[in-house]
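Throughout, read-outs are computed from the coordinates displayed, never taken from laboratory work. Since the structure is predicted, the reported quantities are computational estimates derived from the model, not experimental observations. A quick note on method: Cβ atoms are made from the backbone with ideal geometry, for glycine too, and the neighbour counts reach across all protein chains shown.
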Amino acid sequence: MAKISLTFPDQSQHEFDAGVTTLAVAKSIASSLAKKAVAGNLNGTLVDLDQPLNQDGDLQIITNTDPEGVLVLRDTAAFVLGAALKQLHPDLHFGEHKADDDGFYLDTDRADGQVAVSELPDIKKAMQKIISANQPVERKVVDKADLLKKFADDPYQTLLLNAMDAVQVHVYQLGDYTSFGSRALLKSLAPLKHVELLSVAGAYWQGKSSNPMLQRIYGTAFFKADELDADLKRRAEIKERDHRTIGRDLDIFFVDPEVGAGLPYWMPNGATIRRVIERYIIDKEVADGYEHVYTPVLANLNLYKTSGHWAHYREDMFPPMDMGDGEFLELRPMNCPSHIQIYNHHNRSYRELPVRIAELGMMHRYEKSGALSGLQRVREMTLNDGHTFLAPEQIQSEFKRVLRLMMDVYDDFNITDYTFRLSYRDPANTEKYFDDDEMWNKSQAMLKGAMDDLGLDYYEAEGEAAFYGPKLDVQTKTALGNDETMSTIQLDFMMPEKFQLTYVGADGKDHRPVMMHRGIVGTMERFIAYLMEIYKGAFPTWLAPVQVEIIPVNLDLHTEYAQELQKQLASQGIRVKVDLRNEKMGYKIREAQTQKVPYTLVVGDEELRDQTVSVRRYGEKDANDEAIKMFTDMILDDIHNYSRTGSEKVNSNVETKLDK
RNA sequence: GCCACUUUAGCUCAGCAGGUAGAGCACCACCAUGGUAAGGUGGGGGUCGCCGGUUCAAAUCCGGCAAGUGGCUCCA
């Protein structure tokens, strides 16, 4: 009998009869391993436990504690979901399915109305029936031609099959339900005990908005009950971190749909946070060589025709205002053309470069209604925008300089959870972008080169570039787990060309500068939404709308002292309030805590006598008596340090590389 | 923009076999009130998202529109 040689993860090699199964291999190692085994990984491909192995290679036994094992479980759950739906609705069509870290989904389509959330409990019951019956799932290899006949009335399965090269296809079958395209499934349905169906949502067939929309059913599955419980709890707690919840509870912002969707109002609390950040970032940038300006939010449409926005970005722009005399005014969607006007207002010498123009620039973009979300996606936003005009040989050092500034700022906000993304144009869809292959190749290579030189980790994404050039994006995640861009550095050879920008070189001749677009804290809206989520609403002292809440024990006896304290603290720039409402002390303390005020000061007889304050920090149960001066020094220190506990930079790994 | 669902007091929600509205919190008033997370009593507040239809009668049923939520597409 033919033999095959399998290499285990410990690099040991073992001979087996060809046709041996992963389960048999597992048994040969240890019976306990065989019990835990859910699939095999042969040369990087998942295989079923009972699938005959006929080639040499690296074999890893995937168990129910491996992340890949959970994927097998979820793929199996998606399969059972399909089988259950097939029982309930024999005429249902199926799209694609997937299992990942977050759960699994299965796309469906029904002519007489899509599957609704209200049907999920019944569907789950049907799944449980299938699971407890635990009939074996049949795995077989069938001719594609036969399968096409079987799926003749299902357009999506037919398309998927036709897209496959193979003549034969691996399928899984249970009763009337046949499915293909799973990586591997469990041998038995018995471990599928902890499954939950979560939600339904529309999803375009194959992710193209020109295609019909299917209904996607989301679910998740775990091997253990407590893992499922923990995951469901995590999903429920997302709401507490969601910036829309915090924004309402802490009275930070609101959106009034009657006045305008996507047009947020900043309440005094939110405005305070925003003002502190705006002052901070302007100071930071001025210190770094930026010149801050103000430019109009309205401009003649011709400006955006010249810039290329009208040609490439029109769908995201508000319609122009017809002024009736041949003039059309446009709400600006980006600030770059405005800063170009600033650059162009004078003749520029090579001695001035790099010229760094910055602005907290308000912009308007007509976002699709379905994309709007709190402060994260809005139609009016203020970008911490900056444009550097530089000579080509300055690109590398300026790029590093922007990154350095970015990391400095991230340190001050204690931001550590992000990834770098190099965003290129989509080579398959070049008409979306400014048409100059050489420019794209050159600038994309330059950005990548800069990141490689610095030795920074990044991933590359085609189709994510701006229409005028490639970018380095800093990607973060929202509470809901969606990716979003916070900061960005963009290289642009196009606009200087379009606007015929020049500087006079050492040779006395005109030269073309390069533009670098960059946003550090991104838009005020998105940035503050992000901060609300990472801080869970408990803003560090330097950002907190109210930094100190003073509560007198007795209104008759201690009001005067409380107000005197307030005056003292306020005179040093501390944001302080006294709670003089006719309520009990416990009530006021509770409110100061739920409003997440960093410091609550209770003052009564003792404090008045000793000229002290009783200090309770947010989130702590205990209070300490401190002399007024001691408290004041401490809180001022807290504010000036951006509330950092240690002197250590949180992004030192990146900063070390920038220092080299 | 698309699919599904949702929209009742400032907030969270109940009411929905059709007979013109309720709770808790918040707000206001009065009483009480001295030590680290909710004192008591009373009161005010809603053309039930908007427009239309069915009906003797619509918060409730039907249709359209708008907004919100979860996703998809798009994106700072």
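Observations on the model:
- Net charge dipole, segment A:194-295: roughly 300 debye, given to the nearest 20, about the Cα centre with Cβ charges of +1 for Lys and Arg and -1 for Asp and Glu.
- 3J(HN,Hα) along segment A:496-508: x, 5, 4, 9, 6, 6, 9, 9, 8, x, 4, 7, x Hz, from the Karplus curve 6.51 cos²θ - 1.76 cosθ + 1.60 with θ = phi - 60°, whole Hz, x for Gly and Pro.
- Taking the longest Cα principal axis of chain A as reference, the axis of helix A:555-571 is set at about 90 degrees.
- Cα pair distances of segment A:65-209 binned at 5 Å [whole percent]: 2, 9, 20, 23, 22, 16, 8, 1, 0
- Under 23 Å from A:Lys144, Cα to Cα: lysines that are on another chain or at least 8 residues apart: A:Lys86, A:Lys98
- Summarising the amide proton neighbourhood of A:Ala466: residues at separation of 5 or more, or on other chains, whose placed amide H is nearer than 5 Å comprise A:Lys471.
- Structure-based [θ]222 nm, chain A - -39500 (n - 2.57) summed over DSSP H runs of at least 4, per residue, nearest 500: -11000 deg cm²/dmol
- Computed from Cα atoms, the angle from the helix A:628-640 axis to the main principal axis of chain A rounds to 60 degrees.
- Residues whose amide H lies under 5 Å from that of A:Val47, counting only those 5 or more places away or on a different chain, are A:Gly40, A:Asn41, A:Leu42; hydrogens are built 1.01 Å from N in the peptide plane.
- Global form of segment A:271-313, assessed from the alpha-carbon gyration tensor, a/c cut-off 1.5: prolate
- Across A:Lys432/A:Lys657; A:Lys536/A:Lys588; A:Lys193/A:Lys536; A:Lys3/A:Lys140; A:Lys536/A:Lys621; A:Lys305/A:Lys400, pairs whose alpha-carbon gap is larger than 30 Å: A:Lys432/A:Lys657; A:Lys193/A:Lys536; A:Lys305/A:Lys400
- Cubic angstrom per residue, convex hull over Cα atoms of chain A: 244
- Projected onto their three principal axes, the Cα atoms of segment A:3-63 cover extents of 25, 21, 20 Å, largest first.
- Taking segment A:3-63 and dividing mean pair separation by its residue count, relative contact order in percent (alpha carbons under 8 Å, at least six apart): 40
- Amide hydrogen neighbours beyond the local backbone of A:Val553, cut-off 5 Å, H modeled: A:Val603, A:Gly604
- An ellipsoid equivalent to segment A:547-660, defined through the eigenvalues of its Cα gyration tensor, has semi-axes of 33, 15, 12 Å when rounded to whole angstrom and sorted largest first.
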